[in-house]
1. Inside region 242-257, can you point out the residues that are surrounded by fewer than 21 Cβ atoms within 10 Å (Cβ to Cβ) and either modelled with pLDDT under 85 or closer than 12 Å to TRP577 by Cβ (or both)?
2. If you take the residues in region 402-429 that are β-branched (Val, Ile, Thr) and in contact (Cβ under 8 Å) with a residue 40 or more places away in the chain, which one is most open to solvent (accessible area, probe 1.4 Å)?
3. Answer yes if at least one residue in region 48-58 is at pLDDT below 95, surrounded by fewer than 24 Cβ atoms within 10 Å (Cβ to Cβ) and more than 28 Å from LEU118 (Cα to Cα), and no otherwise.
4. Which condition breaks for LYS563 when tested against (1) over 30 Å from TYR246 (Cβ atoms); (2) crowded, with 16+ Cβ neighbours inside 10 Å?
5. Which numbered condition in (1) in contact (Cβ under 8 Å) with a residue 60 or more places away in the chain; (2) surrounded by 16 or more Cβ atoms within 10 Å (Cβ to Cβ); (3) farther than 30 Å from PRO286 by Cα is the only one that ILE139 fails?
6. Taking LEU483, is it outside any strand (DSSP E or B), hydrophobic (A, V, I, L, M, F, W, C) and at pLDDT below 95?
7. Would you please name the residue that is most open to solvent (accessible area, probe 1.4 Å), looking only at residues in region 154-179 that are closer than 18 Å to ILE271 by Cα and in a helix (DSSP H, G or I)?
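The values are calculated or read from the model by the stated rules, or taken from the named source; none is laboratory data. In this text the structure is predicted, and so the values were computed from the model without any measurement. With ideal geometry, Cβ positions are generated from the backbone for all residues, glycine too; neighbour counts draw on all protein chains shown. Quick note on the areas: whole protein, heavy atoms, side chains included, nothing else; ligands and nucleic acids left out. Shrake-Rupley method; radii C 1.70, N 1.55, O 1.52, S 1.80 Å.
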Amino acid sequence: ISLLLCFRTSLVTPLVFGLLLQPPLTQLSIITQPNIVLLMADDLGIGDVGCYGNDTIRTPNIDGLAKEGVKLTQHIAAAPLCTPSRAAFLTGRYPLRSGMDAINNYRVIFWNGGSGGLPPNETTFAKILKQQGYSTGLIGKWHQGVNCESRNDHCHHPLNHGFDYFYGMPFTLISDCQPTETPEMDRAFRKKLWLSTQMIGLITVTAALGRLTGLISVHWKTLTFLAGFSLLFFVSWFSSYGFVRYWNCIMMRNHEVTEQPMVTDRTTSIILRESISFIERNKHKPFLLFLSFLHSHTPLLTTERFLGRSSHGLYGDNVEEMDWMVGQVLDAIDKEGLKNTTLIYFASDHGGWLERQEGKRQLGGWNGIYRGGKAMGGWEGGIRVPGIFRWPGVLPAGAVIDEPTSLMDVYPTVVRLAGGVLPQDRVIDGRDLMPLLRGTVEHSEHEFLFHYCGVHLHAVRWHQKDSGAIWKAHYVTPIFRPLGAGACYDRGFCPCSGEGVTHHDPPLLFDLSRDPSEVKPLSADTEPHFDTVIKKIGRAIEEHRRTLTPVPEQLSVYNVVWKPWLQPCCGTFPFCWCDKESDN
């Protein structure tokens with residue numbers, strides 16, 4: 001018996017020690033319903049962050065997330081502009097499926113008073129997490145629409161899409177919000193409207209003078225009609241474009257407009273205060289915080305303490321301030337003892353805006369070695385973004401994953417962590433990232449990723465897992481101007497279709513594993529597998545298109561135009577002005 005006991009002890013002792021010495025990765029993996037904090041920058045280029053190669057803009061807090069967590073090097077946005085990219089992020093679906101990609105040149109939500117937006121029948125991850133008992137908050141930028149049919153129906157509002165609490169901009173930050181900056185919104189179209197107004201006015205004045213001097217025989221009724229038409233034409237467009245700051249640059253708390261127009265000097269401090277307050281209020285139950293930064297979109301609102309700190313002018317100052325805000329949020333999580341029970345995610349909604357310049361000032365981001373930028377649906381610079389996950393004890397520290405992943409993958413990842421079930425009545429394009437992040441699988445679940453520019457398919461990526469190749473076929477590319485430049489500096493944005501693009505047949509083919517900058521297109525002469533790859537991708541496109549179903553176009557011209565009866569207003573329309581934050 002004593003020998004048997006000794007034998008059992010010799011077995012049990014190392015077993016106990018082995019269990020005690022297991023890394024925290026295994027011990028904490030059983031945590032259910034972690035807190036989830038999603039941090040999304042606006043227009044931030046992948047080349048603007050230290051851990052992605054920038055050594056001149058200081059981002060120690062974002063870099064710290066990568067050091068303590070997992071960095072994704074092929075993290076891809078589903079669209080190269082704000083509205084469609086964020087719609088895909090929130091729903092886990094290509095924006096085409098929800099009608100949130102454009103068939104025209106209006107590729108984003110243009111007005112708070114428009115009728116387009118994220119359809120109420122879409123199921124966001126916030127809706128599912130709320131059903132699972134989470135407190136859900138959105139602080140910052142929305143840009144997914146507000147109303148459908150009346151000023152207060154709030155059909156597209158965050159509170160109708162699963163968020164318990166909202167503080168921020170229902171629209172997006174634009175230079176029009178800053179009175180000292182040159183107007184940005186629809187700048188070229190506004191110039192045409194002004195020119196047309198002046199031409200009509202000139203014709204009217206000339207006719208009137210001719211009538212008075214007797215040089216031209218014009219009936220007074222004709223003159224009255226011309227004068228009335230001139231006035232009506234001017235009022236029809238100036239009532240919207242002349243008051244952009246009042247109509248679009250507003251702040252809301254839940255359904256209430258709190259600032260109209262917004263007071264930009266204090267926006268950053270209030271957004272940070274609201275974020276930390278949300279964490280503190282909800283620390284005793286699972287929460288989802290989506291902090292959607294207004295940084296680093298023009299006009300680059302930056303507080304005085306950060307001005308002049310970077311070597312990249314105002315843009316660099318703005319990025320460094322955002323990094324500081326990330327640090328403040330992380331400190332709040334640490335202070336409440338939530339670090340080990342909170343999944344942190346950091347990303348940008350799409351690539352940096354190369355064409356955004358004022359004189360010699362570069363106001364847009366940098367996309368590192370990747371070609372192209374914001375608004376370009378195919379080139380890597382428009383869609384490859386930073387992607388970092390941190391969850392101490394569950395995800396390995398300092399890991400780097402060079403596999404194709406998508407912003408859409410956040411949807412199934414957080415839904416499953418919360419114990420929720422993915423919708424079964426629709427296609428979900430995202431894939432659960434936890435097995436890849438934890439290292440239990442070697443490859444991403446994505447074999448193909450489809451890169452749209454509006455509703456136009458510009459490129460397709462095929463991850464050939466057995467060979468390690470990442471093929472990318474470009475069917476449409478924008479025409480850069482001036483010739484030899486790396487962007488559409490003549491337009492300010494690259495178009496998706498029309499005269500500003502080139503169609504390729506056969507498509508341009510690159511192997512991103514060998515040529516991530518997409519500078520050396522392959523051909524049948526230089527790549528033995530060229531025809532096989534193109535046929536494989538072609539079949540994938542056919543299968544993908546069979547999964548698409550017609551849906552209402554949320555960014556149609558009718559849905560995009562400003563409608564006075566839908567305009568959020570904190571007074572009696574059109575006298576919309578308030579500053580309730582100052583009152584508080």
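1. Scanning region 242-257 gives PHE243, ARG245, TYR246, VAL257.
2. By that ranking, first place goes to VAL421.
3. Yes, some residue in region 48-58 is at pLDDT below 95, surrounded by fewer than 24 Cβ atoms within 10 Å (Cβ to Cβ) and more than 28 Å from LEU118 (Cα to Cα).
4. (1)
5. (3)
6. Against the criterion (outside any strand (DSSP E or B), hydrophobic (A, V, I, L, M, F, W, C) and at pLDDT below 95), LEU483 qualifies.
7. Only one residue tops the list, namely LEU159.
Every residue, every condition in (1) β-branched (Val, Ile, Thr); (2) in contact (Cβ under 8 Å) with a residue 60 or more places away in the chain; (3) in a loop (DSSP other than H, G, I, E, B); (4) open to solvent by 30 Å² or more (accessible area, probe 1.4 Å), yes or no:
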{"site": "ARG431", "(1), (2), (3), (4)": "no, no, yes, yes"}
{"site": "HIS443", "(1), (2), (3), (4)": "no, no, yes, yes"}
{"site": "HIS451", "(1), (2), (3), (4)": "no, yes, no, no"}
{"site": "ASP466", "(1), (2), (3), (4)": "no, no, yes, yes"}
{"site": "ALA473", "(1), (2), (3), (4)": "no, yes, no, no"}
{"site": "VAL476", "(1), (2), (3), (4)": "yes, yes, no, no"}
{"site": "ARG491", "(1), (2), (3), (4)": "no, yes, yes, yes"}
